[in-house]
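Participant: Let me begin by handing over the structure; questions about it come next.
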Amino acid sequence: MSFHYEIRLSGEGGQGLVLAGKVLTEAAAIYEDMNATQSQSYGPEARGGASRSEVIISDEDIDYPKAVSIDLLLALTQESCSRYWHDLKDDGVLLVDSDAVTDIPEGKFTVHKVPIIELARTKVGKVVVANIVALGVMTELMGIVSAESVEEAILTRVPKGTEELNVKAFHLGLETARALKT
């Protein structure tokens, strides 16, 4: 049975969403031999403006590189949630930062509220790895790309000297998602 899975990571510039999208794409395409594409968009203000990264993973050819019918939406800001939730499939997943997104839209999709940025700050010690915490949560919730493949891609993509910090953040995200599923 074929699959086609569309992911949108949204928030604001400086949150590392493009990097997270590239990591996920690399994990799928290089380490799992799937078809994957990544695209990005951000406002003219590189930091602080609206930002999004889209990833499509499929076992068939990908005809169009932009996500239009979202299976999983990550929203790290209220603005990004309000702007993009309309593109979620009825059976999709909305993952929000519970501290930043307080106005949760209603729909037939599943909502997971996780204090992603706060977890990065308090459990890992650096807000800058919130994107990797979110990547861990998404990896576990999706169940499409293995945690091992994503971790391997993290190690090749993050800045040298930050590997241990990022792996810790990723594992925190995985554990957080496992707790959500129980």
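Participant: Mind checking which residues of the stretch 122-174 are hydroxyl-bearing (Ser, Thr, Tyr) and within 13 Å of the chain's Cα centre (by Cα)?
Facilitator: Thr139
Participant: Output the number of the condition that Pro65 fails; it satisfies all remaining conditions of (1) part of a strand (DSSP E or B); (2) over 13 Å from the mean Cα position of the chain (by Cα); (3) under 19 Å from Ala20 (Cβ atoms).
Facilitator: (1)
Participant: Here's another thing I want to ask about it. What residue, among those in the stretch 87-127 that are charged (D, E, K, R) and in a helix (DSSP H, G or I), is modelled with the lowest pLDDT?
Facilitator: First pass over the stretch 87-127, keeping only residues charged (D, E, K, R): 87, 89-91, 97, 99, 103, 106, 108, 113, 118, 121, 123, 126.
If we keep only those that are in a helix (DSSP H, G or I) as well, we get 87, 118, 121, 123.
On the way: Asp87: 95, Glu118: 98, Arg121: 98, Lys123: 98.
By that ranking, first place goes to Asp87.
Participant: Tell me, which residue of the stretch 74-97 that is of a type in the set (Gly, Ala, Ser) and buried (at least 16 other Cβ atoms within 10 Å of the Cβ) is nearest to the chain's Cα centre (by Cα)?
Facilitator: Filtering the stretch 74-97 for residues that are of a type in the set (Gly, Ala, Ser) and buried (at least 16 other Cβ atoms within 10 Å of the Cβ), the one nearest to the chain's Cα centre (by Cα) comes out as Ala75.
Participant: Given the condition among the small types (Gly, Ala, Ser), touching a residue at least 24 places away in the same chain (Cβ under 8 Å) and under 14 Å from Leu135 (Cα atoms), answer yes or no: does some residue in the stretch 46-58 qualify?
Facilitator: Yes, the stretch 46-58 contains a residue that is among the small types (Gly, Ala, Ser), touching a residue at least 24 places away in the same chain (Cβ under 8 Å) and under 14 Å from Leu135 (Cα atoms).
Participant: Further question: Can you tell me which of Gly143, Gly161 is small (Gly, Ala, Ser) and either closer than 16 Å to Ile7 by Cβ or touching a strand residue (DSSP E or B) at 6+ places or on another chain (Cβ under 7 Å) (or both)?
Facilitator: None of the other options fit; the residue is Gly143.
Participant: Could you check the stretch 4-24 and list, in sequence order, the residues that are free of Cβ contacts under 8 Å to residues at least 40 places away in the same chain and not in a loop (DSSP other than H, G, I, E, B)?
Facilitator: Within the stretch 4-24, Val18, Gly21 qualify.
The values are calculated or read from the model by the stated rules, or taken from the named source; none is laboratory data. These numbers were taken from a predicted model, which means no experiment stands behind them. Cβ sites come from the backbone with ideal geometry, for glycine too, and all protein chains shown count toward neighbours.
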